[in-house]
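Take a look at the structure set out below.
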Amino acid sequence: MKIGIVCYPTFGGSGVLATELGMALSDKGYEVHFITYKQPVRLNFHPNIYYHEVSVPTYPLFDFPPYESALASTMVNVIENNGLDLLHVHYAIPHASAAYLAREILKKKGLDIPFITTLHGTDITLVGREQMYAPVVTFSINESDAITAVSNNLREETYKSFIIEKDIKVIPNFVDVQRFHKTDKEHFKKMLAPNDERILTHVSNFRKVKRVEDVIEIFKKVRETVPSKLLMIGDGPERQHAEELVRKYNLYHDTRFLGKQEEIDELLSITDLFILPSQYESFGLSALEAMACGVPVISTNSGGLSEINVQGKTGYLSNVGDIEDMAAHAIHIIGDDTTLQQFKKAAIHHARTFDKKHIVPLYEELYAEVIAAYTKNKAARAIKPL
Ligand code: GMT
């Protein structure tokens, strides 16, 4: 089967998941074509993977170069030239509407292929809801040949916010436990925590929804009791604010802002506790990857986080903004070795239930179903009424 995957090629969770899915499918013999504006960050060489760049020609008239048109046209060309069977778009805006356009253009050319939309998070809960996007988001979700959401919570949020006439199937995000597991990086840990301090880590794109200032506030409290270091991984609009707070609290010597990192599994291998105090997370893929590396999670209880983080077992969940509670739980987990080891074990154990070997087949089943249903409908469409 030949599959086209469209996603944001950045460090964001939707792009990471789409890339991991493409690589997993290619390992299973599928031919996968990525259609993105730059090479996805997690994409390694695989014999069955092709990468098609969407270039957006500019013109002095364009204050806003029409990316969606360029994307739809690239989809049409790639599908036509490579005989794809199915298009799978990740993050609704603008990928679902571009896919709709491509599908309709191809129909006129006698080439009919279905598209699946996977909803990831702010395409529904933040950006998608805005009046400037909502009509197009609603239409293109409904026009998708199948819709998936990465958590039960996101599925519910989608039904609450939009008039959706179709079933949304939940296929949770997954982690590759072959890659994400604890490896021995003691020498590396010694460099960052020379006196055996505990290492707390936060990974995100530093947007407002991540509440990075809460990470600093939690760390400030934890450090008063437990000698520890903080790793801040990623980059984005709130980084400067976070750095200012670190300076204000005089935590600079114990905090490292590492920027965007590709070898995230190595950094997680030296981490003792993961902090994710988000305002909302549809799923929290970064927390799942941490758990797979044996890192317990302190998170909020918003969105779909309770679908991966198990209260009192793999970590703790608190109300958004409840810094006292999150800091107290963090101290409880890392305060003694026995407790920390228990949480680490449980985190690994639970993360394994989201291993790619359990989840990728759910996408494969869906692809087969969608293609079969689409082919049947296509045949019915072709029979002209008398
Ligand atoms: O919706 C976003 O903020 C972007 C998206 C991304 O590309 O990072 O993140 C969402 O998708 C991830 C992968 O499915 C989820 O793990 C994140 O929880 C989700 N982010 C939010 O819901 C804020």
| remark: Counting only protein heavy atoms and rolling a 1.4 Å probe, one gets per residue an accessible area for the chain in Å² of 45 Å²
| said: One quarter of the convex hull surface, Cα atoms only: what value does that give for the stretch 16-124 in nm²? | reply: 7.7 nm²
| message | How large is log10 of I(q)/I(0) for the chain at q = 0.06, 0.12, 0.15 Å⁻¹ when the intensity is taken from the Debye formula with one equal scatterer per alpha-carbon? | response | -0.25, -0.92, -1.31
| message | Tell me whether the stretch 156-294 comes out rounded, prolate or oblate; compute the Cα gyration tensor, take square roots of the eigenvalues as a ≥ b ≥ c, and use a/c under 1.5 as the rounded threshold. | response | oblate
| Spatial separation of Cα centroids for the stretch 41-94 and the stretch 233-265, in angstrom | 33 Å
| said: Among LYS108, LYS357, LYS160, which one shows the highest mean-square fluctuation when the chain is modelled as a Gaussian network with alpha-carbon springs under 10 Å? | reply: LYS108
| request: Per residue, how big is the convex hull around the C-alpha atoms of the stretch 228-331? Give it to me in cubic angstrom, could you? | output: 107 Å³
| task | Which order do the peptides 95-106, 61-72 take when ranked by the mean count of other beta-carbon atoms within 10 Å per residue, highest first? | result | 95-106, 61-72
| remark: Among LEU106, LEU61, TYR159, the residue whose Cα sits farthest towards the positive end of the charge dipole of the chain, when +1 is placed on the Cβ of each Lys and Arg and -1 on the Cβ of each Asp and Glu, is LEU106
| task | Report in % the part of the accessible area of the stretch 97-246 that belongs to carbon and sulfur, leaving out ligands and nucleic acids; probe 1.4 Å. | result | 51 percent
| query | Using the alpha-carbon atoms, what tilt in degrees (0 to 90, nearest 10) does helix 13-27 show relative to the longest principal axis of the chain? | reply | 70 degrees
| task | Using per-residue counts of other Cβ atoms within 10 Å, averaged over each peptide, order 35-43, 280-288, 147-155 from highest down. | result | 280-288, 147-155, 35-43
| field | Peptide ranges 263-270, 197-204, 208-215 listed from the most packed, as the mean C-beta count within 10 angstrom indicates | value | 197-204, 208-215, 263-270
| message | I want to verify a result. In a Gaussian network model of the chain, Cα cutoff 10 Å, which of these has the top mean-square fluctuation: MET75, MET132, MET326? | response | MET132
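The values are calculated or read from the model by the stated rules, or taken from the named source; none is laboratory data. This one's a predicted model, so the numbers in the text were calculated from it and none came from an experiment. Here the Cβ is made from the backbone with ideal geometry for all residues, glycine too, and neighbour counts use every protein chain on show. The area values use the complete protein model at the heavy-atom level, side chains included, leaving out ligands, DNA and RNA. Shrake-Rupley method; radii C 1.70, N 1.55, O 1.52, S 1.80 Å.
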